[in-house]
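Take a look at the structure below.
The values are calculated or read from the model by the stated rules, or taken from the named source; none is laboratory data. Keep in mind that what you see is a predicted model, and the values were worked out from it rather than measured. Cβ placement follows ideal geometry from the backbone for every residue including glycine, while neighbour counts extend to all protein chains displayed.
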Amino acid sequence: MERPDFRNITFDELVTAYTEQVRGLVDGGADVLLVETIFDTLNAKAALFAIEKFFDTHHERLPVMISVTITDQSGRTLSGQTVEAFWHSIRHAAPLSVGINCALGADLMRPYMEELAKLADCYTSCYPNAGLPNPLAPTGYDETPESISAALGEYAQSGFLNIVGGCCGTTPAHIAAIVKEVSKYPARQVPELAPHLRLSGLEGLTID
């Protein structure tokens, strides 16, 4: 089927569902809204549209955080976008932060966080899985607190991170080890990027 836009739900249906969720979160006292584990950018754009529409209607705003999932070592989302194309697609939302979470462990996520840290003129976040699922491992995942904290510590040392944490398989011990390691290094400095025309499809395109 030559329909890259095809989904089994409409954009408007998603906006309606996301609006209800936003209303519930705001009414419940949320301080920030996080659109995360994004594997389909079109779905994410429906969520961001619903959030913006809600803010406009209710005359209040909360910080918005966005986090994408790179599903394998191809460096793409499940629907095929690269990190650069994803960022170009959602940059208009002016998020507090953009990042990568879930799916890959910290060791495999590194090149994509490095790229995002260079592209994004906002804060960056990273909260990887504790590696890949492994039923034979004590926690069900491959990464130990020592291994994941060492990897994320190197991220921090390299200047990739503003916000850090853990996703699937991480435990309080993982988080404590991550905090101890990354606190040795200063937070990433948000770059000031020259204005250019930035477009996206499955790949990103910047026109000087």
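If you take the residues of the stretch 1-29 that are within 23 Å of Ser200 (Cα to Cα) and among the hydrophobic types (A, V, I, L, M, F, W, C), which of them is surrounded by the fewest Cβ atoms within 10 Å (Cβ to Cβ)? This residue is Met1.
On the given criteria, is Leu161 over 22 Å from Ser74 (Cβ atoms), hydrophobic (A, V, I, L, M, F, W, C) and not in a helix (DSSP H, G or I)?
Values: over 22 Å from Ser74 (Cβ atoms): yes; hydrophobic (A, V, I, L, M, F, W, C): yes; not in a helix (DSSP H, G or I): yes.
In short, yes.
Asp56: assigned to a loop (DSSP other than H, G, I, E, B) and out of contact with any Lys or Arg (no Cβ under 9 Å at 6 or more places or on another chain), yes or no? The answer is no for Asp56.
Are any residues in the stretch 168-208 assigned to a loop (DSSP other than H, G, I, E, B), among the hydrophobic types (A, V, I, L, M, F, W, C) and modelled with pLDDT of 95 or more, and if so, which ones?
Of the residues in the stretch 168-208, the ones assigned to a loop (DSSP other than H, G, I, E, B) are 168-171, 183-196, 201-203, 208.
Next, only the ones that are among the hydrophobic types (A, V, I, L, M, F, W, C) stay: 168, 187, 190, 193-194, 202.
Ala187, Val190, listed by residue number.
If the condition is being of a type in the set (A, V, I, L, M, F, W, C), assigned to a strand (DSSP E or B) and closer than 16 Å to Gly153 by Cβ, then the stretch 98-132 contributes only Cys126.
When residues in the stretch 179-199 are screened for being of a type in the set (Gly, Ala, Ser) and surrounded by fewer than 10 Cβ atoms within 10 Å (Cβ to Cβ), 1 of them pass.
Being assigned to a loop (DSSP other than H, G, I, E, B) and touching a residue at least 24 places away in the same chain (Cβ under 8 Å) narrows it down to one residue among Pro135, Pro95; which is it? Answer to the selection: Pro95. Ser79 satisfies every condition listed in (1) modelled with pLDDT of 95 or more; (2) of a type in the set (Gly, Ala, Ser); (3) over 14 Å from the mean Cα position of the chain (by Cα) except (1).
Checking the conditions here, which among Cys168, Cys126, Cys102 is under 26 Å from Thr41 (Cβ atoms), hydrophobic (A, V, I, L, M, F, W, C) and buried (at least 21 other Cβ atoms within 10 Å of the Cβ)? Walk me through it before giving the result.
Values: Cys168 fails: buried (at least 21 other Cβ atoms within 10 Å of the Cβ); Cys102 fails: buried (at least 21 other Cβ atoms within 10 Å of the Cβ).
Result: Cys126 is the single residue among Cys168, Cys126, Cys102 that is under 26 Å from Thr41 (Cβ atoms), hydrophobic (A, V, I, L, M, F, W, C) and buried (at least 21 other Cβ atoms within 10 Å of the Cβ).
Conditions tested, residue by residue: (1) within 15 Å of Phe39 (Cβ to Cβ); (2) out of contact with any His (no Cβ under 7 Å at 6 or more places or on another chain); (3) modelled with pLDDT under 95.
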residue	(1), (2), (3)
Ala85	yes, yes, no
Pro95	no, yes, no
Asn101	yes, yes, no
Leu108	no, yes, yes
Leu119	no, yes, no
Tyr123	no, yes, no
Tyr127	no, yes, no
Asn134	no, yes, yes
Ala137	no, yes, yes
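All of Arg61, Arg23 fail the test of being of a type in the set (Lys, Arg) and either more than 28 Å from Gly165 (Cα to Cα) or in a loop (DSSP other than H, G, I, E, B) (or both), apart from Arg61. Screening Val32 on (1) over 30 Å from Val182 (Cα atoms); (2) surrounded by fewer than 16 Cβ atoms within 10 Å (Cβ to Cβ) shows it passes everything except condition (1). Just one of the listed residues (Leu136, Leu116) is over 16 Å from Asn43 (Cα atoms) and in contact with a helix residue (DSSP H, G or I) (Cβ under 6 Å, 6 or more places away or on another chain), and it is Leu116.
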